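Undergrad: Here it is, the structure in full.
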Amino acid sequence: MRKLLLTTLCFCVGMHIYAGQVSGGSSDSTLRKTIGQYFLIGTTLNGRQIMGTDKEGCEIAASQFNAISPEGCMKIKAIHPEENRYDFTEADRFVAFGEKHHQAIIGHTLIWHAALPDWFCTDREGKDVSPEVLKKRMKQHISTVVGRYKGRIKGWDVVNEAFADDGTYRNSPFYRILGEEFIPLAFQYAHEADPDVELYYNDFNLYLTPKREAIIRVVKELQRRNLRIDAVGMQGHLWQGSPTVESVERAIVDLAKINVEVMVTELDLTALPAPKKDLGGEAWADFEYDASIDPYRNGLPAEVEARWTGHMLSFFKLFLKHKDVITRVTLWGVSDGDSWRNGWPVRGRVDYPLLFDRNHQPKPVVDCIIKETSTKR
Ligand code: XIL
């Protein structure tokens, strides 16, 4: 076992030194130029990158990636904080960044139960609004936001996380008030606002069969009604050992059968222990901090990094194997210091889930991915 670990370590670290020009992004070989030929390779931009204060982060986002997603600025709470007030400050700059750097610009997300301001689904007394009021609000929100960026955004995550892991509908205010219809309605409103924009359904834990089957049923229902749906986005908030590459592959293969593109929309792989099984990307999770589940505050031991590198690389190999159906892979953040996983599902940990480290240097895995891309194809 130890021998295997050391071999993996030498292989990847050795390759890093050998192809060391990548360091600092100075190489001609970027993710964008290599793996980006097979599918879009994306990152999110956070507020500091959108406003230009994180210069190094911006440089990586522009040179290494050919697609961008907004980490927070297009969620309802940020872009439409009050019924009669929109705030497009960051969203406008986010779109301008993508245009400046000739990137595919992804909108995230129109209808989601989280980052949802109270006013959207409740009345002044805090009670659920009627179906008619909610439909009106959804339509107004979607047509205003999608309409504003018409022709500039490649595709929208129209509905995010509508299902529970057991395949039942999540008990969100949208489902409570409108029932199953909230999903077709959201897709209809988005298509009316921009008939040319791609429309996606996005969720986590698609490797769990009941959840995946429920999502497949909804996609088929949208197709049966002739409503546009281009892709299913699989978030990829990965854990050590879970999900397995094989179970993610099953999800890709199943989705490919229903005539939609597959996108890996929120990729990050924690190096830290999980406080609970199958958490996926459940944003509400907030477990108590304990030093025993925060073991790498002073850096990642080489052995652990080698294991992490091998693990992340195995997912990229899988994505390349299915490049005919996968049209985008987006990392949920530029560098480790930016990642939401430092604060989720336990606040205050130090995690190492992305492709660039806290000093904005490419990790060994970047060379491994580039090598994998260029040697095999
Ligand atoms: C996360 C952001 O990364 C955090 O900064 C924010 O505090 C919470 O939301 N699923 C999604 C993303 O669809 O929008 C979430 O992003 C992560 C889980």
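The values are calculated or read from the model by the stated rules, or taken from the named source; none is laboratory data. Note that this is a predicted model, so its numbers are computed, not measured. No Cβ is skipped: glycine too gets one built from the backbone with ideal geometry, and neighbour counts run over all protein chains shown. Accessible surface is based on the protein model in full, side chains and every heavy atom, while ligands, DNA and RNA are left aside. Shrake-Rupley method; radii C 1.70, N 1.55, O 1.52, S 1.80 Å.
Undergrad: Can you tell me how much longer the chain between LEU318 and ALA274 gets when fully stretched, taken as 0.36 nm per residue apart minus their C-alpha distance, in nm with one decimal?
TA: 13.5 nm
Undergrad: Within the chain, which DSSP H helices have Cα atoms that stretch 15 Å or more along the helix axis and a mean Kyte-Doolittle hydropathy of at least 0.0?
TA: The qualifying helices are 2-18, 182-193, 245-256, 302-321, 364-376.
Undergrad: Report the full-extension gain for the segment ASP92 to TYR296: residue separation times 0.36 nm, less the Cα-Cα distance, to one decimal in nm.
TA: Roughly 69.7 nm would be gained on extension.
Undergrad: While we're looking at this one, here's another question. Given a cut-off of 31 Å, name the pairs among LYS75/LYS276; LYS135/LYS323; LYS211/LYS321; LYS55/LYS277; LYS136/LYS211; LYS75/LYS211 whose C-alpha atoms lie farther apart than that in the structure shown.
TA: LYS135/LYS323; LYS55/LYS277
Undergrad: Another question, then. I need the calculated FRET efficiency for the pair GLU83 and GLU288, taking r as the beta carbon distance and R₀ as 35 Å, to the nearest 0.05.
TA: After rounding, the FRET efficiency stands at 0.45.
Undergrad: At a threshold of 8 angstrom on Cα-Cα distance, excluding pairs fewer than six apart, so keeping six or more, what relative contact order does the chain reach in percent?
TA: 20
Undergrad: Extending each Cα 7 Å along its Cβ direction at GLU180 and GLU56, get the distance between those two points in nm, one decimal.
TA: Going by the 7 Å Cα→Cβ label model, 5.1 nm.
Undergrad: Show me the trypsin sites (Lys or Arg not before Pro) within the stretch 109-145 that DSSP assigns to loop and that have at most 12 other Cβ atoms within 10 Å of their Cβ.
TA: Loop-located and lightly packed - ARG124, LYS127.
Undergrad: Excluding GLY147 itself, calculate the net charge of residues whose Cβ lies under 10 Å from the Cβ of GLY147, where each Lys or Arg counts +1 and each Asp or Glu counts -1.
TA: Around GLY147, the charge tally is 0.
Undergrad: Right, next: Given a Förster distance of 35 Å, report the FRET efficiency between SER247 and ARG152 from their Cβ-Cβ distance, rounded to the nearest 0.05.
TA: That gives a FRET efficiency of 0.45.
Undergrad: Rounded if a/c is under 1.5, else prolate if a/b beats b/c, else oblate: with a ≥ b ≥ c from the C-alpha gyration tensor eigenvalues square-rooted, which is the stretch 127-196?
TA: oblate
Undergrad: Now for a separate question. For a quick check: with amide H placed at 1.01 Å from N, whose amide H comes under 5 Å from GLY236's, ignoring anything fewer than 5 positions away on the same chain?
TA: THR265, GLU266, LEU267, ASP268
Undergrad: Something else now. Could you work out how far apart the two model spin labels at SER63 and SER130 are, taking each label as a point 7 Å from the Cα in the direction of the beta carbon, and quote it in nm?
TA: The modelled label-to-label distance comes out at 5.9 nm.
Undergrad: What distance in nm separates the two pseudo spin-label positions at ARG358 and GLU221, each 7 Å out from Cα along the beta-carbon direction?
TA: Result: 4.6 nm between the two label points.
Undergrad: Would you work out what percent of the accessible area of the chain, with all protein chains in place, is carbon or sulfur (probe 1.4 Å)?
TA: Looking at the chain in its full context, I get 51 percent from C and S.
Undergrad: Amide H to amide H, which residues 5 or more places from ILE41 or on other chains are under 5 Å from it, using H placed in the peptide plane?
TA: ASN66, ALA67, VAL329
Undergrad: So how strong a dipole does the stretch 2-374 carry about its Cα centre when Lys and Arg Cβ are +1 and Asp and Glu Cβ are -1, to the nearest 20 debye?
TA: 540
Undergrad: For the chain, rounded, prolate or oblate, judged on the Cα gyration tensor with a ≥ b ≥ c (square roots of eigenvalues), a/c < 1.5 rounded, else prolate if a/b > b/c?
TA: Because a/c hits 1.5 or more and a/b exceeds b/c, the chain counts as prolate.
Undergrad: Order these peptides, 182-190, 241-249, by their mean beta-carbon neighbour count within 10 angstrom, highest first.
TA: 182-190, 241-249
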